[in-house]
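Reading through the structure tokens given below for one structure.
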Amino acid sequence: MEASIIKIGNSKGLRLSKTILEKYNIKDKVEMILEKGQIILKPIDKPRENWEQAFKKMRENVDDKLLLSDVFEDENLEEWN
């Protein structure tokens, strides 16, 4: 696909169509990766945004216990010595 570089103030930019923005779920920002003579644009999504606050709240509510035991009942730890 060919795209034109356009003037934006004193800079230049790349215009992406609405179809491309929607297809690749591009919102306000992209990560620009420069490698091997290529420019790769990658959508930025933040799946773990605000996890720190959620973990703090879990700790305050004593709701941060392991769901699985570190050691299973039938596990023989002697063979690892």
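None of the figures in this text is laboratory data; all of them are computed from the coordinates on show. Just so it is clear, the structure is predicted and the values come from calculations on it, not from any experiment. Virtual Cβ from ideal backbone geometry, glycine too; neighbours counted across all protein chains shown.
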Within straight cross-link reach of residue 23, meaning Cα distance under 16 Å, which lysines are found once same-chain residues fewer than 8 apart are removed? 42
If neighbour count is taken as other Cβ atoms inside 10 Å, put 58, 32 in order from fewest to most. 32, 58
Which of the GluC sites (Glu not before Pro) across the range 1-63 are loop residues per DSSP, with 11 or fewer other Cβ within 10 Å? 2, 49
For the range 1-71, what does the equivalent ellipsoid look like in terms of its semi-axes, each the square root of 5 times an eigenvalue of the Cα gyration tensor, given largest first in whole Å? 42, 15, 12
Rounded to the nearest 10, the angle in degrees between the Cα long axis of helix 51-60 and the longest principal axis of the Cα atoms of the chain comes to 30
How much net charge surrounds residue 58 when only the other residues with a Cβ under 13 Å from the Cβ of residue 58 are counted, with Lys and Arg +1 and Asp and Glu -1? 0
